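A short write-up of the structure that comes next.
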Amino acid sequence: IAGAGDREEITIDAPQASRANLYVDSVSLDGAKHESSWVDGSLVRRGGSLSFEVSDRANTGWATDPGTLPH
């Protein structure tokens, strides 16, 4: 996504995504493990990268910790 105005570039990739690999297994934000299913608006302002590892099975443990919910 190209930046516009005061927004920076955001790179999103999921290299293993396919018709079979529909489920998020894990996410990295700027190379660090990201344990929540959302990102705040600062990503849009500062830019960065989201990398998705995907699988053919749901990871029922990812992003389930109540401490990772938006507040």
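For the range 18-37, what are the residues that are modelled with pLDDT of 95 or more and polar (S, T, N, Q)?
Scanning the range 18-37 gives S18, N21, S26, S28.
Which of the residues belonging to the range 8-24 are of a type in the set (A, V, I, L, M) and without any contact (Cβ under 8 Å) to a residue 24 or more places away in the chain?
Those that are of a type in the set (A, V, I, L, M) and without any contact (Cβ under 8 Å) to a residue 24 or more places away in the chain: none in the range 8-24.
Among the residues in the range 37-46, are any under 27 Å from H71 (Cβ atoms) and touching a Ser or Thr at 6+ places or on another chain (Cβ under 8 Å)?
yes
Looking at the range 28-71, which of its residues are touching a helix residue (DSSP H, G or I) at 6+ places or on another chain (Cβ under 6 Å) and of a type in the set (D, E, K, R)?
Once the filter is applied, which keeps residues that are touching a helix residue (DSSP H, G or I) at 6+ places or on another chain (Cβ under 6 Å) and of a type in the set (D, E, K, R), the range 28-71 yields only E35.
Could you list, ordered by first residue, the pairs with Cβ atoms under 6 Å in which the first is in the range 25-50 and on the phi > 0 side of the Ramachandran plot and part of a strand (DSSP E or B) and the second is surrounded by 13 or more Cβ atoms within 10 Å (Cβ to Cβ) and at pLDDT 95 or above, at least 6 apart or interchain?
Filtered contacts from the range 25-50: G48/D30.
Is it the case that some residue within the range 7-15 is of a type in the set (K, R), open to solvent by 50 Å² or more (accessible area, probe 1.4 Å) and at pLDDT 95 or above?
Scanning the range 7-15, I find no residue that is of a type in the set (K, R), open to solvent by 50 Å² or more (accessible area, probe 1.4 Å) and at pLDDT 95 or above, so the answer is no.
Restricting to the range 19-71, and then to whatever is surrounded by 12 or more Cβ atoms within 10 Å (Cβ to Cβ) and of a type in the set (D, E), can you tell me which residue is nearest to E8 (Cα to Cα)?
Among those that are surrounded by 12 or more Cβ atoms within 10 Å (Cβ to Cβ) and of a type in the set (D, E), it is D30.
The values are calculated or read from the model by the stated rules, or taken from the named source; none is laboratory data. A quick note: this is a predicted structure, and the numbers were derived from the prediction, not measured. Neighbour counts are summed over all protein chains in view; Cβ atoms, including those assigned to glycine, are modelled from backbone coordinates with ideal geometry. In case anyone asks, the SASA skips ligands and DNA or RNA and just uses the protein heavy atoms, side chains included. Shrake-Rupley method; radii C 1.70, N 1.55, O 1.52, S 1.80 Å.
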